[in-house]
1. Determine whether Gln157 is modelled with pLDDT of 95 or more and polar (S, T, N, Q).
2. Could you pull out the residue among Glu150, Glu142, Glu133 that is more than 20 Å from His53 (Cα to Cα) and outside any loop (DSSP other than H, G, I, E, B)?
3. What number of residues within region 106-130 satisfy the criterion of being of a type in the set (A, V, I, L, M) and not in a helix (DSSP H, G or I)?
4. Please go through region 153-165 and give me each residue that is touching a strand residue (DSSP E or B) at 6+ places or on another chain (Cβ under 6 Å) and part of a strand (DSSP E or B), ordered by number.
5. I want to confirm something. Restricting to region 106-135 and keeping residues that are in contact with a Ser or Thr (Cβ under 8 Å, 6 or more places away or on another chain) and farther than 14 Å from Asn168 by Cα, which single residue is surrounded by the fewest Cβ atoms within 10 Å (Cβ to Cβ)?
6. Looking at Ala33, Ala13, can you tell me which residue is surrounded by 10 or more Cβ atoms within 10 Å (Cβ to Cβ) and modelled with pLDDT under 75?
7. Looking only at region 139-151, count how many residues are at pLDDT below 95 and either in contact with a strand residue (DSSP E or B) (Cβ under 9 Å, 6 or more places away or on another chain) or crowded, with 16+ Cβ neighbours inside 10 Å (or both).
Amino acid sequence: MIRLPAALERKLAEIFPRARERDQYVTDLVLKALETKPEPEKGQPVAIGGTLHLFTDGGSRGNPGQAAIGCVLIDPLKNKVLREYGECIGVQTNNIAEYRALIIGLKIAKEYQPNHLMCHLDSELVVKQLNGEYRVKMPTFELLIKEIMEMKTGFPQLSFVHIPREKNLRADLLVKRALDEMAQGLRK
């Protein structure tokens with residue numbers, strides 16, 4: 001869960017005395033913010049160069065189980081979300097979902113032609129395998145890594161950075177939303 005600044009927590013406590021109501025209010029705000037899907041402005045070139053940050057996440061309910069991916073591309077200079085993407089990818093393992101999220105994220109980022117793309121993932125395994133720190137033992141990972149390495153040549157500079165899960169909330173919420181929507185569709 002996100003820790004809010006103390007001053008904000010106090011203000012929310014004044015407005016919502018019950019912790020459950022505060023949590024629901026914050027959750028609703030985050031979900032509402034995620035509903036607005038920013039798109040490139042009309043008439044503006046998609047290519048922006050510079051450094052961009054890509055946050056990706058993959059997850060499954062069960063391992064393997066129904067899986068989904070989430071990608072968020074950010075321009076850090078403008079502090080602006082350029083693109084978000086989330087979808088279900090069928091029955092997969094968590095690790096396969098992490099790799100597939102990165103592949104889709106790289107395809108999205110390529111449209112913006114960044115000079116440097118920093119890929120932020122909360123999967124330490126994926127980051128260490130891509131950076132050559134861990135050996136790849138599973139053949140299914142080898143194919144995905146090969147695809148990523150081929151895509152890597154299309155970027156002037158590309159780096160893979162491990163981040164804690166709490167710093168990857170937006171991509172994680174896209175994964176959860178896709179899985180929830182799929183589950184609701186199955187129940188109908």
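1. Yes; evaluated as a whole, the condition is true for this residue.
2. Residue meeting the stated conditions: Glu142.
3. Counting residues in region 106-130 that are of a type in the set (A, V, I, L, M) and not in a helix (DSSP H, G or I) gives 3.
4. Gln157, Leu158, Ser159, Phe160, Val161 - these are the residues of region 153-165 that are touching a strand residue (DSSP E or B) at 6+ places or on another chain (Cβ under 6 Å) and part of a strand (DSSP E or B).
5. Ranking the qualifying residues of region 106-135, first place goes to Asn115.
6. On inspection, the qualifying residue turns out to be Ala33.
7. 1
The values are calculated or read from the model by the stated rules, or taken from the named source; none is laboratory data. Source: prediction; values computed, not measured. Virtual Cβ from ideal backbone geometry, glycine too; neighbours counted across all protein chains shown.
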